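Structure record follows, encoded as structure tokens.
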Amino acid sequence: MPLVATRAGGKETGPEADALVIFGISGDLARKMTYDALYELELHGTLRVPVIGVAKDDLDGKQLVKRMRESCVAAEKDDLDESVFERLSERVGYVRGDYEDPKTFRALAEELDGCEHPVFYLETPPSLFEMVVDGLAAADLTKGARVVIEKPFGHDLESAKALNAELSKHLAEPQIYRIDHFLGKEPVMDILYLRFANLVLEPIWNHRYISSVRITMAEDFGVDDRGSFYDPVGALRDVIQNHLLQMLALIAMEPPTGGSDPDPVRDKKMDLFRAIPAADPQRCVRGQYEGYQDVDGVAPGSETETFIALRLFVESWRWAGVPFFIRAGKCMEAKATELRVVLNSPPPIGIAGSAVPRADEIVIRIDPHGGACILVEAKQPGKETLRQVDLELLFEEELGDQPGPYERLLGDALLGNPEHFAREDMVEETWRIVQPLIDDPPEVETYVPGGWGPEGSSHLVTGYGGWRRPWLPSEEPYGAVGP
């Protein structure tokens, strides 16, 4: 079957997959994300292969399809296309078995008879990755295959290297697709296009014009019933080492090269990570919201952070002296993920009462309502004063419906496009950057839910105008200075 440009990506590096096998297809992630992603792939004509689920649950194919339909109905509400779901259901098969039992993999091999390039998606805990890959190899199923694994890719630098060593016993690096759903979000992918396809931005994208860069990932909810999962992890491992450092790379990397480089975007990301010195614990603030230790599953006296803020630098000509501030936290005032580039302030002007104009800002909003905004100074109507105004673009309103992250990334895995997956050298570099915060973590400060984190985080940006309050639909102005 010839490769074609698709909604799921369109970059054809192939060979295109001839089967999709999902380990853990009865689990929570599949119910919340994967079933609906498969439906969307079918809806848009991207799914052209059989789908085989593997799990321990006492199910058959019909019962699995029933579960999938219930989840898809919930996700699509009243818009489920029955003909599309019928086509999807005809693709679905199921292999019941324990991952420790070689019979499970022999049964799977029978289902895959004649397939040369299957994609194995491991929706399992990382502790099972080695077992599943060993089973696939013993059944002679890894040759020509791609294996997709979910984060976390280790819990520190040493464990990340150990995980890769285990996977590399049977798989070459190009066969391993480390999925991070954050990289499948369309607004995240838009960052490179906004930077490099617009001449109005790229000439000023350096230390001569930019004062600082701020990345915020705020969640307005707590850990809830996930205490036993979250407590050994914390905000640093959960979102900084992966999601937000990847976003930093997109905003700060050099332009991808053409020519013979087979992996230009990830190569430039890697160059960027190498240019970031390890994080300084003295330039980091950790917080824990009041009430966290009452959550079921949280250890008594836990020092796990639910908020973290840090400052990084990039040692390159482009970014010499420009600080990158990153913060992420739970139980914040609002749910918002954004990237904010703050330009240098212009000098005083001989109009508007010799006022000093505020610095212009460029904002790329990931969640909610993905979009971009430029904050500039303008004249206040009827007065000889300045006011800040925003020039805003909402991606969905302007560009139309966008694929979800799992639809996009599973489609890319089927096509053999690795660009939006984490490469092992990048994983190890990002762990290197944050490792000092694991080895010598700052003390945890308590903060009240519903605000913007512990007081200490405000001191991190002293001299740079303070944190900015992320955009909220009900608030004006867009770029109001926040705590």
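Is one or more of the residues making up segment 364-380 modelled with pLDDT of 90 or more and acidic (Asp, Glu)?
no
Can you work out which of the residues in segment 441-453 that are touching a Lys or Arg at 6+ places or on another chain (Cβ under 8 Å) and not aliphatic (A, V, I, L, M) is surrounded by the fewest Cβ atoms within 10 Å (Cβ to Cβ)?
Of everything passing the filter in segment 441-453, GLU443 is surrounded by the fewest Cβ atoms within 10 Å (Cβ to Cβ).
Got at least one residue in segment 346-354 being at pLDDT below 80 and surrounded by 15 or more Cβ atoms within 10 Å (Cβ to Cβ)?
Scanning segment 346-354, I find at least one residue that is at pLDDT below 80 and surrounded by 15 or more Cβ atoms within 10 Å (Cβ to Cβ), so the answer is yes.
Exactly one of these conditions fails for TYR193: (1) aromatic (Phe, Trp, Tyr); (2) more than 26 Å from ALA252 (Cβ to Cβ); (3) without any contact (Cβ under 8 Å) to a residue 12 or more places away in the chain. Give me its number.
Just one mismatch for TYR193, condition (2).
So for segment 285-300 (the condition being more than 26 Å from ASP425 (Cα to Cα) and of a type in the set (Phe, Trp, Tyr)), does at least one residue qualify?
yes
Name the single residue, out of those in segment 269-298 being out of contact with any helix residue (DSSP H, G or I) (no Cβ under 8 Å at 6 or more places or on another chain) and more than 20 Å from ILE326 (Cβ to Cβ), that is most open to solvent (accessible area, probe 1.4 Å).
ASP294
When VAL21 is evaluated against the numbered criteria (1) outside any helix (DSSP H, G or I); (2) open to solvent by 10 Å² or more (accessible area, probe 1.4 Å), which criterion, by number, is the only one it fails?
So VAL21 meets the others, but not (2).
Return the pair list, or none, for Cβ contacts closer than 7 Å from residues in segment 407-432 that are in contact (Cβ under 8 Å) with a residue 12 or more places away in the chain and closer than 28 Å to ALA75 by Cα to residues that are open to solvent by less than 10 Å² (accessible area, probe 1.4 Å) and of a type in the set (Asp, Glu), at least 6 apart or on different chains.
Short answer, once both residue conditions are applied: HIS420/ASP412; ALA422/ASP180.
Provide a single number: the residues in segment 175-199 that are at pLDDT below 95 and either part of a helix (DSSP H, G or I) or touching a Pro at 6+ places or on another chain (Cβ under 7 Å) (or both). Break it down into steps so the answer makes sense when it comes.
Here is the first cut: in segment 175-199, the residues at pLDDT below 95 are 179-199.
Pick out the ones that are also either part of a helix (DSSP H, G or I) or touching a Pro at 6+ places or on another chain (Cβ under 7 Å) (or both) and you get 181-196.
The qualifying residues number 16.
Need the failing condition index for VAL223 against (1) of a type in the set (A, V, I, L, M); (2) surrounded by 20 or more Cβ atoms within 10 Å (Cβ to Cβ); (3) under 16 Å from the mean Cα position of the chain (by Cα), just the number.
(3)
Only residues that are open to solvent by 10 Å² or more (accessible area, probe 1.4 Å), assigned to a helix (DSSP H, G or I) and either among the charged types (D, E, K, R) or modelled with pLDDT of 95 or more (or both): list them for segment 251-268, please.
Correct list: ARG266, ASP267, LYS268.
Which of the residues that make up segment 387-437 are part of a helix (DSSP H, G or I) and either acidic (Asp, Glu) or open to solvent by 40 Å² or more (accessible area, probe 1.4 Å) (or both)?
Hits for segment 387-437 are GLU396, GLU397, GLU398, LEU399, GLU407, ASP412, GLU424, ASP425, GLU428, GLU429, ARG432.
Test GLU377 against the criterion of being among the acidic types (Asp, Glu) and free of Cβ contacts under 8 Å to residues at least 40 places away in the same chain, and give yes or no.
yes
Can you pull out every residue in segment 115-144 that is more than 22 Å from LEU410 (Cβ to Cβ), surrounded by fewer than 17 Cβ atoms within 10 Å (Cβ to Cβ) and either of a type in the set (Asp, Glu) or touching a residue at least 12 places away in the same chain (Cβ under 8 Å) (or both)?
Answer for segment 115-144, where residues must be more than 22 Å from LEU410 (Cβ to Cβ), surrounded by fewer than 17 Cβ atoms within 10 Å (Cβ to Cβ) and either of a type in the set (Asp, Glu) or touching a residue at least 12 places away in the same chain (Cβ under 8 Å) (or both): GLU130, MET131, ALA137, ALA138, ASP140.
In segment 132-168, which residue that is part of a loop (DSSP other than H, G, I, E, B) and either touching a strand residue (DSSP E or B) at 6+ places or on another chain (Cβ under 6 Å) or among the hydrophobic types (A, V, I, L, M, F, W, C) (or both) is nearest to GLY234 (Cα to Cα)?
Going through the qualifying residues, I end up with PHE153.
Return yes or no: is TYR99 open to solvent by less than 10 Å² (accessible area, probe 1.4 Å) and either touching a residue at least 60 places away in the same chain (Cβ under 8 Å) or basic (Lys, Arg) (or both)?
For TYR99, the condition - open to solvent by less than 10 Å² (accessible area, probe 1.4 Å) and either touching a residue at least 60 places away in the same chain (Cβ under 8 Å) or basic (Lys, Arg) (or both) - is not met.
Residues that are at pLDDT below 95, touching a Pro at 6+ places or on another chain (Cβ under 8 Å) and either surrounded by fewer than 24 Cβ atoms within 10 Å (Cβ to Cβ) or among the hydroxyl-bearing types (Ser, Thr, Tyr) (or both): does segment 315-334 have at least one?
Yes.
The values are calculated or read from the model by the stated rules, or taken from the named source; none is laboratory data. Just so it is clear, the structure is predicted and the values come from calculations on it, not from any experiment. Every residue, glycine among them, receives a Cβ derived from its backbone with ideal geometry; neighbour counts consider all protein chains shown. Protein only, heavy atoms only, side chains kept; ligands, DNA and RNA dropped before computing areas. Shrake-Rupley method; radii C 1.70, N 1.55, O 1.52, S 1.80 Å.
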